[in-house]
Amino acid sequence: MKINKLNTTAYSSSILIIFWTVLLITLPINANASVSPTRIKIEAKPRDKVKFNIVVKNQNDTLRDYKVSYSYYVQDSDGFQKEIKLEDKSQEGPWDWIVLDSSETFKIDGKQSLPIEGTVKIPSRNSYGFHNILFTVTEMTPRQTTGVTLNYASGSLIELTVSGSKKRPKTALLNPMIKIDKESGLSMIHLDFENKSAYKGRLFLEAHLRHNRRLIAKIPLLNDQSHKSDRIYSSVFPNNLVHVSGTIEKPLTPGDYEIRFVGKFNGIRLQGFNHKLSIDKSGESVVDDKPTETANNRLKKES
């Protein structure tokens, strides 16, 4: 039995050595490029022409070919961002406003850098609001006849805010609800926040919970992305609805409750809104009054 174990071990070791040897032969040499800065913030007005600068560095020892492509980010209802690549070059967007002083394909010698100057030409119409453009540089690694070919990409995120007529952000508070987890005994307050403006903004929102007119808890409300990032605010993209929630530490009994929502969005203080709810024996809440659009109420400018 000992001889069989030794033979099995030796056979397995031989297989691993052959596997790693083949893998090292078939994989190409590491290749990459860096793009700096990684984030560019631009504030402009319609008809403006704003210049920006990007530096692409070839971190390889030999000459490499590169190409430029564009994509953008969208936000889901939980606050997480997803990159959308432009598969069709005919798709119109703010990337069409960018003009580079170089072609979209270029070469860089080993360990050398290429400065690229770009100009954002803002149209006179339909340009106001927040736009994001991901400027991506991809290394065109020569395709291997065998094994795996890896193309490395790096990018710079351009965040463009084009000012328009000065209008207060139009937002809405929707679907307030309290749910009780019967196993843990913890209660969660849920709310949908809708940003109806063309601008991205930071949302600071808090719920003041009262029972029989007595304040029993103040609960910060955040989307899932902010909860996981330990942020004290939620970023909300233009024309987007996000779910926000917060944990109520104290146990709740069935009965009538009142929630007052207070906070600010994009530097504008939101007037408090009151919502009445009744919690039944199942732990579900019933909203007694209708959702309210914040645009229909007085807003206070944050000092």
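Once amide H atoms are placed 1.01 Å from N in the peptide plane, what residues at a sequence separation of 5 or more from ILE216, or on another chain, have their amide H within under 5 Å of its amide H?
Under 5 Å from the amide H of ILE216 lie the amide H atoms of LEU209, ARG210, HIS211, each far enough along the sequence or on another chain.
Working out 0.36 nm times the residue gap between LEU215 and LEU100, then minus their Cα-Cα distance, what length gain in nm do you get to one decimal?
35.6 nm
Going by the alpha-carbon gyration tensor, a ≥ b ≥ c the square roots of its eigenvalues, is region 75-146 rounded (a/c under 1.5) or, if a/c is not under 1.5, prolate (a/b greater than b/c) versus oblate?
Judged from the Cα gyration tensor, region 75-146 comes out oblate (a/c at least 1.5, b/c at or above a/b).
Using the Karplus equation 6.51 cos²θ - 1.76 cosθ + 1.60 (θ = phi - 60°), what ³J(HN,Hα) coupling, rounded to whole Hz, does each residue of region 124-130 give in order, writing x for Gly and Pro?
Using θ = phi - 60°, the values come out as 7, 10, 6, 10, 5, x, 9 Hz.
What trypsin sites (Lys or Arg not before Pro) does region 102-143 have in DSSP loop regions with at most 10 other beta carbons within 10 Å?
Answer in residue order: ARG125, ARG143.
Within region 187-208, which residues have the backbone N less than 19 Å from the label spot 7 Å out from ARG269 along Cα→beta-carbon, could you tell me?
The answer is 202-208.
If you take the square roots of the eigenvalues of the alpha-carbon gyration tensor of region 33-162 and sort them as a ≥ b ≥ c, do you get rounded (a/c under 1.5), prolate (a/b over b/c) or oblate?
prolate
Looking at this model, which pairs from LYS170/LYS200; LYS121/LYS196; LYS179/LYS250; LYS85/LYS264; LYS67/LYS111; LYS182/LYS250 are more than 23 angstrom apart at the alpha-carbon? It would help to have the intermediate numbers written out before the result.
On the way: LYS170/LYS200 12 Å; LYS121/LYS196 26 Å; LYS179/LYS250 13 Å; LYS85/LYS264 33 Å; LYS67/LYS111 17 Å; LYS182/LYS250 13 Å.
In this structure, LYS121/LYS196; LYS85/LYS264 lie more than 23 Å apart at Cα.
Modelling each spin label as a point 7 Å along the Cα-to-Cβ direction, I'd like the SER184/ARG202 distance in nm, to one decimal.
Label-label distance for SER184 and ARG202, simple model: 2.7 nm.
Can I get the semi-axes of region 162-237's equivalent ellipsoid? Compute them from the C-alpha gyration tensor as square roots of 5 times the eigenvalues, in angstrom, largest first.
Calculated on Cα positions only, the semi-axes equal 29, 15, 11 Å.
Under a Cβ-only charge scheme (Lys and Arg +1, Asp and Glu -1), can you give me the dipole magnitude of region 33-162 about the Cα centre, in debye to the nearest 20? The partial results should precede the final answer.
Values: 17 positive and 17 negative charges, 63 e Å.
Dipole of region 33-162, to the nearest 20 debye: 300 debye.
Once amide H atoms are built 1.01 Å from N in the peptide plane, which residues 5 or more positions from PHE80, or in another chain, come under 5 Å H to H?
Correct list: GLN225.
What's the FRET efficiency of GLN112 with SER165 using the Cβ-Cβ distance as r and R₀ = 45 Å, to the nearest 0.05? All intermediate terms of the calculation are to be shown ahead of the outcome.
Working: r = 47 Å, r/R0 = 1.03.
Once rounded, the FRET efficiency stands at 0.45.
How far apart, in nanometres, would the label points at VAL55 and TYR73 be if each is projected 7 angstrom from Cα along the Cα-to-Cβ direction?
Between VAL55 and TYR73, the label points sit 2.4 nm apart.
Read the figures in this text as sums done on the coordinates, not as results from a lab. What you see is a predicted model, and the numbers here were worked out from it, not measured in a lab. So basically every Cβ, Gly included, is an ideal-geometry build from the backbone, and we count neighbours across all protein chains shown.
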